[in-house]
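First up is the structure itself, then whatever we jot down about it.
The values are calculated or read from the model by the stated rules, or taken from the named source; none is laboratory data. Quantities reported herein were computed from a predicted structural model and do not represent experimental measurements. Please note: Cβ atoms are built from the backbone with ideal geometry, for glycine as well, and neighbour counts cover all protein chains shown. To get the accessible areas, we keep the full protein, side chains included, count just its heavy atoms, and leave off ligands, DNA and RNA. Shrake-Rupley method; radii C 1.70, N 1.55, O 1.52, S 1.80 Å.
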Amino acid sequence: MIYLLQDSQNRDMVKELKFSLMKPLETVRTFLEGRGCLELLGDPELEMATRDISTVSKNRENIAWELGQKARSRDAIVKRWVGKGSGIPALSESDIVRVLESIGDSNSFLRSVRDPCDEMIGYLKKYFKKDETPEKPHSLSIAYGRGGARLTHTHKQQYNYVLQSLLMWREVASDM
């Protein structure tokens, strides 16, 4: 399928087909720009309306309260922005809900993918020191042939490798 899409972008292929199989990606930003409502992204209730509600270390009452706050913020944004914009057509209620859900999905994704990287970086820095050579079991060193290792790294080299890997994945996840 990927090869088909790649080949379809060939200039001769587009001429032959008389259409393109590719369509530019529409983001929340491009959607709102097209409707003349980019200012919605500065709405003071946007953060609450799109927040990912974590259930960790919270009781049912706290979770219900946060969900209620989120719903009230979403309703307020819909009421404030429905019918607004200089684009044709103006923003509908379903357009605004789709924008809010899209931003909320992004926030949920970041919490589930980026936040664990931050947590692991915190553990690495808390429980292991880069410049020390700790004794087993607190050493991150690996040796060729032991435990399936194919490389030999000192504690410091492995610490740096792990830290760089976590930082890289954190950045990749943030830019998805």
Candidates Val99, Val162, Val78: whichever shows maximal mean-square fluctuation once the chain is modelled as a Gaussian network with Cα springs under 10 Å = Val162
Looking at the P(r) of segment 1-96, how many percent of alpha-carbon pairs lie beyond 19 Å?
-> 60
Given a 1.4 Å probe and every protein chain left where it sits, what share in percent of the accessible area of segment 1-160 is carbon and sulfur?
-> 55
Please get the size of the charge dipole for segment 12-59, origin at its Cα centre, with Cβ charges of +1 on Lys and Arg and -1 on Asp and Glu, quoted in debye to the nearest 20.
-> 200
Measure off 7 Å from each Cα along the Cα-to-Cβ vector at Asp115 and Arg11, then give the distance between these two points in nanometres to one decimal.
-> 4.9
Putting +1 on Lys and Arg Cβ atoms and -1 on Asp and Glu Cβ atoms, find which of Thr30, Trp81, Tyr144 reaches farthest to the positive end of the dipole of the chain.
-> Tyr144
Specify the inter-centroid distance of segment 119-169 and segment 1-39, based on alpha-carbon positions, in whole Å.
-> 44
Sort Ile96, Ile142 by accessible area with a 1.4 Å probe, largest first.
-> Ile142, Ile96
Length-normalised contact order for the chain - Cα pairs under 8 Å, 6+ apart - percent | 17
With r as the distance between the Cβ atoms of Met1 and Lys79 and R0 = 25 Å, compute the FRET efficiency 1/(1 + (r/R0)^6) and round to 0.05.
-> 0.05
Work the Kirkwood hydrodynamic radius out for segment 124-176: mean of 1/r over every pair of different alpha-carbon atoms, inverted, in Å.
-> 12.1
What is the sum of charges around Leu163, taking Lys and Arg as +1, Asp and Glu as -1, for the other residues whose C-beta is under 14 Å from the C-beta of Leu163?
-> +2
Expressed in nm to one decimal, what extension gain is obtained for the pair Val97 and Leu124 from 0.36 nm per residue of sequence separation less their Cα-Cα distance?
-> 5.7 nm
Length added when fully stretched, Ala173-Arg146, from 0.36 nm per residue minus Cα-Cα | 6.5 nm
Place a +1 charge on the Cβ of each Lys and Arg in the chain and a -1 charge on the Cβ of each Asp and Glu, then give the dipole magnitude about the Cα centre in debye, rounded to the nearest 20.
-> 420
Keeping all protein chains in place, calculate the accessible area per residue for the chain (probe 1.4 angstrom), answer in Å².
-> 73
Of all GluC sites (Glu not before Pro) in segment 85-176, the ones in DSSP coil with at most 13 other Cβ atoms within 10 Å are Glu132, Glu135
What is the magnitude of the charge dipole of segment 8-106 about its Cα centre, with +1 placed on the Cβ of each Lys and Arg, -1 on the Cβ of each Asp and Glu, and no other charges, expressed in debye to the nearest 20?
-> 160
Projected onto the charge dipole of segment 19-176 (+1 at Lys/Arg Cβ, -1 at Asp/Glu Cβ, origin at the Cα centre), which of Ser92, Leu40, Pro134 gives the Cα projection farthest towards the positive end?
-> Pro134
